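The values are calculated or read from the model by the stated rules, or taken from the named source; none is laboratory data. A quick note: this is a predicted structure, and the numbers were derived from the prediction, not measured. Backbone-built Cβ (ideal geometry, glycine too); neighbour counts: all protein chains shown.
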Amino acid sequence: MTQKSQSVKQFSTSGFLKSLKRYIKDNLGILCALIAMILILYIHPTTHNTFLTKNNIFNVLRQSTPNLLLACGMTMVIILGGIDLSVGSIIAMSGCLGAGAVVWGGMPEIVGILVAIFSGLAFGLCNGFIIAITKIPPFIVTLASMNVAKGIAYVFSGGKPIRCMTEPWKFLGAGYVRFSESFQIPVPVVTMFVIFLVSVLFLNRTRIGRHIYAVGGNDTAARFSGISTAKVKFVVYSFSGLMAGLAGITIASRLYSGTCTSGDGAEMDAIAAVVVGGTSMAGGSGRLGGTLIGVLIIGILNNGLNLLGINSDWQYIIKGLVILLAVYVDFLRSTKKK
């Protein structure tokens, strides 16, 4: 190995270690919370033999995939200073439209998958267009589109699940990527990390990613500095809709059906993951690295509560308290910065 290649390797290793240290420092609080949850569930007699098994770990990651997809888009929306309440209903709508295209329309599975994804993108485009060219608050726009998307799902399906049991349909949500006879990874987990990597590169390595932070920090200042704030809002909400469409078809594939209720409460889990991950609801700050930890916390919390046999009604209360605590911590952090 030449001296030049050795120095390049040392430089890259040093850069990685610096980034890792900065990441741990920036997310120390939620990392500690994540580790504490894992230790509690590992030590607890009820979950000791089941929680850290390979099957359960993959189960947590598989179930967390739709939330991560939504949270990637929601992180950018909240950094922008907005909110997107429509993503849960888009999940239901896209799943029903995709399954219906295959089962009732006789189309190939790949066409049904594309129908689902692009239906989510279409709603994102509509949300982004209205928010970009008007002064209607994003809360109102996405609240309206939430109801429209939910209505489409119910009208199209008649309120009944649309069953699709073909092997190509199952692959995206319930299939596996096989590396050997003894080692395989669920397809949703692969999707999860690919989308996360793409989102990180988009937010941190592109011009529009930098503009998202600028617009979220101060919309007026960003506009006077020459940034097209309308374009930024349009792109961000379009991306959020696209992620919701992809999450919808992933869930429909895993459940072998498109259902009207599959996305109920999904927007709340996504917002919870983003806020727990350290993104400020005031806009202008936040990182996808923190969102990833937030998604894992929500996923492990859901999984742990199920393993402990806690009633689903109580799970809503516990998750609500977690969100409230995260928002309060965000408030304290914002107050300290001032």
Those residues of segment 209-229 which are closer than 12 Å to LEU80 by Cα and buried (at least 16 other Cβ atoms within 10 Å of the Cβ), in sequence order: GLY209, HIS211, ILE212, TYR213, ALA214, VAL215, GLY216, GLY217, ASP219, ALA222, THR229
For ARG205, state whether it is on the phi < 0 side of the Ramachandran plot, of a type in the set (D, E, K, R) and out of contact with any strand residue (DSSP E or B) (no Cβ under 7 Å at 6 or more places or on another chain). yes
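Can you say whether VAL198 is closer than 30 Å to TRP104 by Cβ and surrounded by fewer than 22 Cβ atoms within 10 Å (Cβ to Cβ), as far as the supplied structure shows? Please lay out each step first, then the result.
Working: closer than 30 Å to TRP104 by Cβ: no; surrounded by fewer than 22 Cβ atoms within 10 Å (Cβ to Cβ): yes.
No.
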Note: among ILE35, ILE91, ILE117, ILE130, just one is at pLDDT below 95 and part of a helix (DSSP H, G or I), namely ILE35
Just the residues that are at pLDDT 90 or above and of a type in the set (A, V, I, L, M, F, W, C), please, taken from segment 269-300. ALA270, ILE271, ALA273, VAL274, LEU288, LEU292, ILE293, VAL295, LEU296, ILE297, ILE298, ILE300
For segment 187-243, how many residues are out of contact with any helix residue (DSSP H, G or I) (no Cβ under 7 Å at 6 or more places or on another chain) and closer than 17 Å to THR291 by Cβ? 7
Restricting the search to segment 174-195, which residues are buried (at least 17 other Cβ atoms within 10 Å of the Cβ) and either part of a helix (DSSP H, G or I) or touching a Pro at 6+ places or on another chain (Cβ under 7 Å) (or both)? ALA174, VAL187, PRO188, VAL189, THR191, MET192, ILE195
Could we say that ALA122 is surrounded by 15 or more Cβ atoms within 10 Å (Cβ to Cβ), over 18 Å from MET243 (Cα atoms), among the small types (Gly, Ala, Ser) and modelled with pLDDT of 95 or more here? no
Can you find a residue that is surrounded by 21 or more Cβ atoms within 10 Å (Cβ to Cβ), in contact with a Phe, Trp or Tyr (Cβ under 8 Å, 6 or more places away or on another chain) and assigned to a helix (DSSP H, G or I) anywhere in segment 150-173? yes
Within segment 215-229, restricting attention to residues that are within 15 Å of MET76 (Cα to Cα) and among the small types (Gly, Ala, Ser), which residue is modelled with the lowest pLDDT? GLY217
Which condition breaks for ILE136 when tested against (1) surrounded by fewer than 18 Cβ atoms within 10 Å (Cβ to Cβ); (2) β-branched (Val, Ile, Thr); (3) part of a helix (DSSP H, G or I)? (3)
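Within segment 1-32, take every residue that is of a type in the set (S, T, N, Q), in a helix (DSSP H, G or I) and surrounded by 10 or more Cβ atoms within 10 Å (Cβ to Cβ) and give me the one that is modelled with the lowest pLDDT.
Applying the first criterion (of a type in the set (S, T, N, Q)) to segment 1-32 yields 2-3, 5-7, 10, 12-14, 19, 27.
Imposing the further condition that a residue be in a helix (DSSP H, G or I) reduces the set to 3, 5-7, 10, 12-14, 19.
Then keep just the ones that are surrounded by 10 or more Cβ atoms within 10 Å (Cβ to Cβ); that gives 6-7, 10, 12-14, 19.
Values: GLN6: 55, SER7: 50, GLN10: 55, SER12: 58, THR13: 69, SER14: 70, SER19: 78.
Step by step, filter segment 1-32, then rank; the result is SER7.
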